[in-house]
Amino acid sequence: MKFSALLLPIAACFANAASAATSPLTDYLSCADHSFTVVGQPPFTAQVPHTLENGHLKLQGGSTTDLGRRWMFDTPVEVDGLRLTGFYAEDLTMMGSRIISWGFYVQQTPEQMAQTLRQAHGIELEHADGIYARPQIWDEQSGAWQPESSDATAGKLVTDTAERVLLLEPAPKDLPSGSKGMLTCSLQGKISAAALNTSRPDLKAAE
């Protein structure tokens, strides 16, 4: 066997891994404690006004929506094959469940986004009714997020513990033309201080 014949595919794998590791979307797609701060880093720095307060990113400006605020980009920002058109952030309580969401508006449809993320980052998502998701449930005993089947909580508000979801869904109809999808990180339910700190340490836990 000629080992040299194996070097090219192996090198390609390392190149792809290095590319994903340096992508500005890598931290965001984890929905972990640095996922929100990517909007304050290149190539998004000039798109969303922000400051640092006590080491945490605080967004400024934007326009008010029914659920939070949004910032539409002057021109789409292309990252890993996705054309991002804006950013949004929400934090509200509904029927006793706190819902925190932050993410990007995207020119592509959820289906196109799922295919792009699969190719660029190797992310596999559950699919139902045109929505793609990676749901996780918070385990207070272990202090960690665990994989969850979306069937268990589909269409329901989680109230007895916290759920974290990477979500690809259709964009709101009131967005400017050209935005077909949303790339969202979301926390919902009874979000403890420990669970909140793993994803949004810039926010305070409910009293």
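The values are calculated or read from the model by the stated rules, or taken from the named source; none is laboratory data. This structure is a prediction, so every number in the text was calculated from the model and none was measured. Cβ sites come from the backbone with ideal geometry, for glycine too, and all protein chains shown count toward neighbours. These area figures cover heavy atoms from the full protein model, side chains too; ligands, DNA and RNA do not enter into them. Shrake-Rupley method; radii C 1.70, N 1.55, O 1.52, S 1.80 Å.
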Which of the numbered conditions does Val39 fail, given that it passes all the others? Conditions: (1) in contact (Cβ under 8 Å) with a residue 40 or more places away in the chain; (2) open to solvent by 40 Å² or more (accessible area, probe 1.4 Å). (2)
Every residue in the stretch 66-87 that is free of Cβ contacts under 8 Å to residues at least 24 places away in the same chain and either open to solvent by less than 60 Å² (accessible area, probe 1.4 Å) or not charged (D, E, K, R) (or both), please. Thr75
Residue satisfying all of: in the stretch 88-108; surrounded by fewer than 18 Cβ atoms within 10 Å (Cβ to Cβ) and over 17 Å from Ala171 (Cβ atoms); nearest to the chain's Cα centre (by Cα) among these: Asp91
Give me the pairs, please: first residue somewhere in the stretch 183-207 and closer than 15 Å to Tyr28 by Cα and free of Cβ contacts under 8 Å to residues at least 12 places away in the same chain, second residue anywhere and open to solvent by less than 40 Å² (accessible area, probe 1.4 Å) and not in a helix (DSSP H, G or I), beta-carbon distance under 7 Å, and either six or more positions apart or on two chains. none
Residue under question is Leu168, and the condition is that it be under 16 Å from the mean Cα position of the chain (by Cα), open to solvent by less than 20 Å² (accessible area, probe 1.4 Å) and touching a residue at least 40 places away in the same chain (Cβ under 8 Å); does it hold? yes
